[in-house]
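As structure tokens, the structure follows; a few thoughts come after it.
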Amino acid sequence: MSNHSEGRRQDLAPLVAVTAAAMFFTVLLVLVRLRVGPLETVDHDSASSINGAVAGHPVIVAVIKAVTYLGSNGVLWTVIGVAAIVLALRRRWRLVAYLLVTGAGALVMDPVLKSLVGRLRPVVAHPVAHGGGNSFPSGHSLGSIVCYGAVLLVFLPAARGRWRPAFVAVIASLIAAIGISRILLGVHYLSDVLGAWALGITWLGITAFAFELSMRAAGEPVTDPVTQGLEPGARADLTPAQPEPARTALRHRGRVAAGVVISWVLILGIIVGIGELITRYAPSNLLGDRTIPQWLAAHRTAGLTSWSLVFSDLGATEAILLVSVVTCAVLLGVTRHWRPVIFVAVVMFGELGAFLTAAAVVKRPRPDVTHLDHHLPTSAYPSGHEAATCCLYVAIAILVIGHARGWWRWLFLIPAVAMPVLVALSRMYRGEHHPTDILASMLFAALWLTATCRLIRPNADGRRPDRPRTADGRGRGVSLVSAPGVD
């Protein structure tokens with residue numbers, strides 16, 4: 001009897017917590033809307049004191065801004081989108097719907113409540129950040145607790161043993177840090193963040209209860225989502241990847257890592273050496289370094305300038321990062337192996353490090369034409385846009401051709417060729433790079449991709465057989481990927 005009573009209390013605990021959060025938010029909403037004196041005093045005093053402690057410390061402010069960026073809509077929807085892609089590839093459509101509906105709820109509630117309450121942002125003596133719109137509730141705090149909390153509830157079944165409390169602790173710490181960062185930056189009051197957290201818990205509880213109802217309607221067992229996750233039976237599909245085979249032992253991985261580092265250093269040395277030779281000893285018009293940018297600048301039109309901006313943005317850090325993250329999610333969802341993801345990560349981080357180092361060492365001036373992009377933080381040699389574009393789209397082609405079946409995989413050669421060409425033309429058209437800057441970036445990408453492919457062997461967990469044949473000799477339907485784990 002005692003066990004039965006204890007079980008009932010555990011079943012009621014989430015309902016009690018959600019109800020308490022809803023009541024707390026309601027009370028806080030009324031107090032904020034009526035501008036009750038004691039609450040206003042606490043909010044204003046805390047905002048002023050915290051601003052005084054943070055202002056004047058640029059390093060601390062930069063760290064806080066980096067933390068708060070993790071709660072921005074762009075980052076949150078990238079997280080939700082990547083998680084939804086992985087779940088869709090694993091055919092967990094109910095969990096996909098849960099993530100999208102839950103995230104969309106936060107996106108809708110935040111501006112509606114801000115308009116209804118109409119609370120102005122804090123005014124502090126030494127502002128270190130700016131927030132648009134009204135103040136209550138905190139959109140970053142609400143979005144982070146809803147989106148990261150939903151990801152936690154969805155993927156909790158995949159975390160077992162010591163990884164489960166670690167997973168929960170990381171998500172909880174991230175949510176807390178984002179909310180606190182909004183107060184430290186002086187763009188929200190304490191009650192804005194507390195109200196957002198309370199509303200977020202309420203919304204997570206409501207959506208979790210709705211998910212339980214769908215589980216019951218389907219005749220599937222229902223468990224406590226806080227401790228077991230939303231759908232424990234989906235653990236096999238929620239697990240990101242299969243264990244790597246024994247041959248990838250620690251010693252072997254160490255040799256591969258050492259080979260990657262040595263290759264990176266040697267390739268960087270080649271690129272820097274070529275850059276020094278070009279800037280110090282080469283003719284000024286080597287391979288059209290002077291005449292080609294001048295000719296392109298003389299033939300600029302409004303239409304070409306608009307298109308150059310599009311392709312230049314596609315090679316910028318934000319677009320490259322987004323495509324890389326989505327690519328890794330798709331590869332992980334399809335192949336169930338970490339090797340392709342590691343390959344993409346090594347290629348792109350290696351490219352970024354080499355570009356920043358080479359640009360800092362060579363310090364080549366931009367072409368002597370009118371520049372369409374202003375205040376660029378690096379020098380002209382090499383082109384970071386071009387190197388990143390070559391590395392990313394060629395790496396995607398290598399992985400798709402290596403893992404997929406069917407004629408359509410060869411279509412990925414089109415962006416692998418077209419994107420570097422279009423980005424190269426756009427960067428020279430906009431007056432930001434010489435032709436030799438572009439060629440050096442292409443050389444780096446060729447050498448770096450060759451080295452990483454030989455060392456990491458990104459397609460070792462897949463196979464590339466021809467279409468399987470039926471008894472009558474005709475090919476069967478195209479399969480996206482072969483059985484994982486086959487050499």
Kirkwood hydrodynamic radius (C-alpha pairs) into Stokes-Einstein, region 8-80, 20 °C and 1.002 mPa s, D in µm²/s: 133 µm²/s
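Rank these for me by crowding, H44, H374, going from fewest to most other beta carbons within 10 Å.
Lowest count first: H374, H44.
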Rg and Dmax of region 124-185 over Cα atoms: what are they, in angstrom? 14.9, 49
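If the chain between L322 and A210 were fully stretched, how many nm would it gain, using 0.36 nm times the residue separation less the Cα-Cα distance?
Extra length from L322 to A210 when fully extended: 37.2 nm.
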Projected area averaged over orientations for region 352-425, convex hull of C-alpha atoms, nm²: 5.9 nm²
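Could you tally the net charge around L321, taking each other residue with its Cβ under 15 Å from the Cβ of L321, Lys/Arg +1 and Asp/Glu -1?
Taking every other residue near L321 into account, the sum is -3.
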Extension length gain for S284 and V421 (0.36 nm per residue less Cα distance), in nm, is 47.0 nm
Of V394, V325, how do they rank once you tally other Cβ atoms within 10 Å and put the fewest first? V325, V394
Could you calculate, for region 277-387, the ratio of the Cα radius of gyration to the Kirkwood radius, expressed as Rg to Rh? 1.06
Surrounding net charge for V128, when Lys and Arg each add one and Asp and Glu each subtract one, Cβ distance under 15 Å: +3
Using label points projected 7 Å from each Cα along Cα→Cβ, tell me how many nm separate D368 and A97, to one decimal. 6.6 nm
Using label points projected 7 Å from each Cα along Cα→Cβ, tell me how many nm separate H299 and R457, to one decimal. 4.8 nm
Students often check this: by mean Cβ neighbours within 10 Å, which of 405-413, 427-435 ranks highest, and how do the rest follow? 427-435, 405-413
For q = 0.08, 0.10 Å⁻¹, Debye-computed log10 I/I(0) when each Cα of region 10-238 counts as one equal scatterer: -0.31, -0.48
Going out from 0 in 5 Å bins, what whole percent of all Cα-Cα distances in region 151-206 drops into each bin? 4, 17, 21, 21, 17, 12, 6, 2
Report the paramagnetic label zone for V117: residues of region 135-152 whose backbone N is under 20 Å from a point 7 Å from Cα along the Cα-to-Cβ axis. 135-149
Taking 0.36 nm per intervening residue step and subtracting the Cα-Cα distance, what contour gain separates A20 from A55 on full extension? 9.0 nm
Quick one, what does Rg over Rh come out to for region 250-456 if you take C-alpha atoms and the Kirkwood Rh? 0.99
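Laboratory data are not the source of any read-out in this text; all were calculated from the coordinates shown. Keep in mind the model is a prediction, meaning the values are calculated, not measured. All Cβ positions, glycine included, derive from the backbone under ideal geometry; neighbour counts span all protein chains shown.
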